[in-house]
Amino acid sequence: MVRFENVSKKYNQLEVVKNLNLEINEGELVTLIGPSGCGKTTTLKMINRLIEPTSGTIYVNGEDIRKQDPVQLRRGIGYVIQQIGLFPNMTIAQNIAVVGKLLGWSKEKAAARVEELLEMVNMDPASYMDRYPKELSGGQQQRIGVLRALAANPKIILMDEPFGALDPITREQLQGELKKLQAQLHKTIVFVTHDMDEALKIADRIVLMRDGEIVQAATPDQILRNPANDFVASFIGKDRLLRSPDEVKVEEVMITDPVTIEYNRGLAEALERMRKSRVDSLMVVDDLGSLLGVVTIKDVQSALNRGGTVGDSAAPHPIAVYTGQTVREAVFIMAKHNVGYLPVINDQNQLKGLITRASLVGILTDVLWPDLSSSHNVFTSTTKEAS
Amino acid sequence: MLETFNKVYTFIANDPEQFLSAIQDHILLLVLVPVSLAILVAVPLGILASRFRWLEKIVLSITSILQTIPSLALLALMIVLGMGIGPRPAITALFLYSLLPILRNTFIGIKNVDPFLKEAATGMGMTNMQRLRMVELPIAFSVIMAGIRTATVICIGTGTLAAYVGAGGLGVFIVRGLQLFRNYLLLVGAVPAAILALLADYLLGKLEYFLIPRGLRGEQ
Ligand SMILES: Nc1ncnc2c1ncn2[C@@H]1O[C@H](COP(=O)(O)OP(=O)(O)OP(=O)(O)O)[C@@H](O)[C@H]1O
Ligand SMILES: [Mg+2]
């Protein structure tokens, strides 16, 4: 529907959009997002020729827009800006119907369309039609701004931070309404925003820009799961990142202070240490902290009469995972060998930590599904109150 | 004091025709004609100046210079320039005086339209002319009107000097009064001119209010 081919824009020597290639499909809602000054608005305005590219070609409907009359082109593309831009000298009805007027609609056709659109966003036509923009709240004004862009039924709509100036509650409402409208109307929408939450909420695809270049263009889900680089990750923000067990390393979830015992200690001491720490096995290590084996409470009890050191009764090197391995691998190894815990060692065989089934369940929910764990907290605290 | 008013009254009552025709001349020849001509010239020029930067400087500086020439000197200049005596040099001088306030206000009114509105208009597919007609002029209207009001008041006041070049109007009484040392004649000319100025400003204000859409009222 809209295609950028090697599009660049230079102001003097400064290249603010650099060799942009992007295809926006029919019916797709694409958000352009990135830090201030990264070229979002410039990119957007090149689509309706408010800004002309320095080089490259933009196609709308497969046609090179340079070959089209800009006025005609713009009448077929809806345009919504952050400053709302309703004409203060026109009533709401006149504002909504303004493109229709440019296209030569009859009065009846314009009136019918205005009514239809106002009803679509649950604004009573009779009471709003003849008001002037300043007689509406900011949120209502921007609803009208969106309706005005929809009025002539364009296939493409450009929106430059349309909800940026609204208070958070109104913004959320309008985002919701836009999503609903989009579900009915299937417009091709290019939506510029600063706000990652907004992008995640409404976008079919997010195009993340920096310094005039696209850093990543992907669905919200893909971006959350696989941010292309640190910039994307930091732009998304840590607390939004959905991480799969493929990405989380074992050292992020392991218990870092497992109960250990040196191989040359006596069995009675091992038993005492287990009792104190309430565990049923101990990691057996040497003086340097290297993992030698593991000793369970059963091993100790059966060997207690015989005497000797922990090292004598310990099982040889148990199955372990290395630091740097992923949680998925750890889970896989645990399942395969049917063990309840896994020591974590580094490549010098030094014991770094321990993963147990119990720790995995608790920690995985925190790392992988932060939302789930927080709602879980809410749940437990309310049940506590109830009881 | 009372005596003076009596004289004024008697003078007007003796020959009301003369008094009324002086007022009529004043309004028609010395206000309506020059202000209308100035509107016809200054509004388009102001629009053009708002569109072309090079024109902006030229036009605004010429009109400001015109404004700084003292009224009497400008009238005299008209005669020197070969306009002769009568309404013509007066109308021309008043026309030139009216240009600046109207032109400057048209220019400023259009320049001051929120750039985002202009961009929204263009982005929506208005041609340059459509944008001017549907958006910029309506929004600049009250500022342009303020310029017209200023021009009108200037013409009513400065028009009293037009009698010096034989253009008639209320100034006739003032000139005669000065020549004959009859102070009451000064009042016959000056008081109606002052009332006319206030009335014109008030009526134009009313007119503006009715012409302006509700959505723009109360904004300066
Ligand atoms: N007319 C211009 N002349 C020179 N530089 C410009 C012009 N317009 C924009 N720029 C520069 O181009 C860069 C990109 O601007 P653009 O408006 O596209 O940024 P943006 O991503 O929309 O930023 P924001 O989030 O702040 O709106 C900025 O560095 C800006 O300063
Ligand atoms: Mg921007």
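Descriptive notes on the structure:
- Chain A, dipole about Cα centre (Lys/Arg Cβ +1, Asp/Glu Cβ -1), debye to the nearest 20: 880 debye
- Computed E for A:Asn305/A:Asp280 - FRET, C-beta separation, R0 25 angstrom, nearest 0.05: 0.80
- Only Lys, Arg (+1) and Asp, Glu (-1) charged, at Cβ; the range B:23-154 dipole about Cα centre in debye: 200 debye
- Kirkwood-type hydrodynamic radius, the range B:1-73: 15.9 Å, calculated from all non-identical alpha-carbon pairs.
- Relative contact order (%) - criterion: Cα under 8 Å, at least six apart; region: chain B: 26 percent
- Taking the 1.4 Å solvent-accessible surface of the range A:2-236 as the whole, the part contributed by carbon and sulfur is 45%.
- Helix A:138-150 and the long axis of chain A differ in direction by around 70°, with both axes built from C-alpha atoms.
- Placing unit charges on each Cβ (+1 for Lys and Arg, -1 for Asp and Glu) gives the protein assembly as shown a dipole about its Cα centre, and among B:Val80, A:Ala233, A:Thr57 the Cα reaching farthest toward its positive end belongs to B:Val80.
- Net dipole in debye of chain B [+1 Lys, Arg Cβ; -1 Asp, Glu Cβ; about Cα centre; nearest 20]: 460 debye
- The simple Förster model, with R0 at 30 Å and r as the Cβ-Cβ distance, assigns B:Asn14 and B:Ala194 a FRET efficiency of 0.85.
- Peptide B:113-123 - average C-beta neighbours from other chains (10 Å radius): 6
- Label-point gap, in nm, between A:Lys18 and A:Glu52 - each point 7 angstrom along Cα→Cβ: 2.5 nm
- Net charge contributed by nearby residues that have their C-beta within less than 15 Å of B:Phe11 (K/R +1, D/E -1): 0
- Links that overshoot a 21 Å alpha carbon limit, given the list A:Lys10/A:Lys40; A:Lys67/A:Lys107; A:Lys201/A:Lys249; A:Lys9/A:Lys179: A:Lys67/A:Lys107; A:Lys201/A:Lys249; A:Lys9/A:Lys179
- Dimensionless Rg ratio for the range A:16-89, taking C-alpha atoms and the 2.2 N^0.38 Å reference: 1.18
- Within the range A:262-277, backbone nitrogen closer than 12 Å to the virtual label 7 Å beyond the Cα of A:Ile297 toward Cβ: A:271-277
- For A:Val17, the residues whose modelled amide H falls within less than 5 Å of its own, excluding neighbours fewer than 5 places apart on the same chain, are A:Lys9.
- Rounded D (µm²/s) - the protein assembly as shown, Kirkwood Rh over Cα pairs, Stokes-Einstein at 20 °C, 1.002 mPa s: 67 µm²/s
- Between 0 and 90 degrees, the angle of helix B:171-180 with respect to the longest Cα principal axis of chain B falls at about 30 degrees.
- Cα centroid separation - the range A:49-80 against the range A:88-148, whole Å: 26 Å
- Integer Hz, Karplus 6.51/-1.76/1.60 couplings in order for the range A:151-160, x for Gly and Pro: 3, 8, 6, x, 7, 10, 10, 9, 10, 9
- For chain B, carbon and sulfur atoms together expose 69% of the accessible surface, with a 1.4 angstrom probe and every protein chain in place.
- For A:Lys352, the amide hydrogen comes within under 5 Å of the amide hydrogens of A:Val344, A:Ile345, A:Asn346, counting only partners 5 or more places away or on other chains and with H modelled in the peptide plane.
- Estimated FRET transfer efficiency when R0 is 30 angstrom, pair A:Arg225-A:Glu172 (beta carbons, to 0.05): 0.80
- Calculated diffusion of the range A:239-299, Stokes-Einstein form, Kirkwood radius summed over Cα pairs, 37 °C and 0.692 mPa s, µm²/s: 243 µm²/s
- With Cα atoms, 0 to 90° folded angle of helix A:168-185 axis to chain A main axis: 70 degrees
- Rg and Dmax of the range A:186-343, both derived from C-alpha coordinates alone, stand at 24.6, 81 Å.
- Between A:Met159 and A:Val80, A:Val190, A:Phe191, A:Val192, the built amide H atoms are under 5 Å apart, and every one of these is 5 or more places off in sequence or on another chain.
- Computed lengthening from B:Leu72 to B:Asn128, 0.36 nm per intervening residue step minus Cα-Cα distance: 16.0 nm
- Farthest towards the positive end of the charge dipole of the range B:167-220, among the residues B:Ala200, B:Gly177, B:Ile212, is the Cα of B:Gly177, using unit charges on the Cβ of Lys, Arg, Asp and Glu.
- Placing a label point 7 Å from the Cα of A:Glu252 along the Cα-to-Cβ line, the residues of the range A:328-356 whose backbone N sits under 16 Å from it are A:328-331.
- Local electrostatic count, A:Val16, Cβ distance below 11 Å [Lys/Arg +1, Asp/Glu -1]: +1
- A quarter of the convex hull surface defined by the alpha-carbon atoms of chain B gives 14.5 nm² as the mean projection.
- Estimated 222 nm signal from helices in chain A, with DSSP H stretches of n ≥ 4 weighted -39500 (n - 2.57), rounded to 500: -11500 deg cm²/dmol
- Threshold 30 Å² - residues in the range B:200-217 whose accessible area is reduced by that much or more when the chain is no longer isolated, probe 1.4 Å: B:Pro213, B:Arg214, B:Gly215
- For the range A:102-108, 3J(HN,Hα) computed residue by residue from phi via the Karplus equation (6.51, -1.76, 1.60; θ = phi - 60°) reads 4, 8, x, 5, 6, 4, 5 Hz, glycine and proline entered as x.
- J(HN,Hα) series, the range A:302-307, from Karplus relation 6.51 cos²θ - 1.76 cosθ + 1.60, nearest Hz, glycine and proline x: 6, 9, 4, 5, 5, x
- Computed helical MRE - 222 nm, chain B, DSSP H runs ≥ 4 contributing -39500 (n - 2.57), nearest 500: -25000 deg cm²/dmol
- Between the listed residues A:Asn25, B:Ala140, A:Phe87, the Cα displaced farthest toward the positive end of the dipole of the protein assembly as shown, a dipole computed from Cβ unit charges relative to the Cα centre, is found at B:Ala140.
- Summed buried accessible surface, chains B and A, 1.4 Å probe, nearest 100 Å²: 2100 Å²
- Separation in nanometres of the label points that stand 7 Å from Cα toward Cβ, at A:Leu185 and B:Asp201: 5.0 nm
- Sparse-neighbourhood loop sites, chymotrypsin sites (Phe, Trp or Tyr not before Pro) in the range B:167-209 - DSSP loop, at most 16 other Cβ within 10 angstrom: B:Phe181
- Site pair B:Ser61 and A:Asn25 shows an inter-label distance of 6.1 nm when each label is modelled 7 Å from Cα along Cα→Cβ.
The values are calculated or read from the model by the stated rules, or taken from the named source; none is laboratory data. Just so we're clear, the structure is a prediction, and the values are computed from it rather than from any experiment. FYI the Cβ positions are ideal-geometry reconstructions off the backbone, even for glycines, and counts take in every protein chain you see. Surface areas here come from the heavy atoms of the whole protein model, side chains and all, with no ligands, DNA or RNA. Shrake-Rupley method; radii C 1.70, N 1.55, O 1.52, S 1.80 Å.
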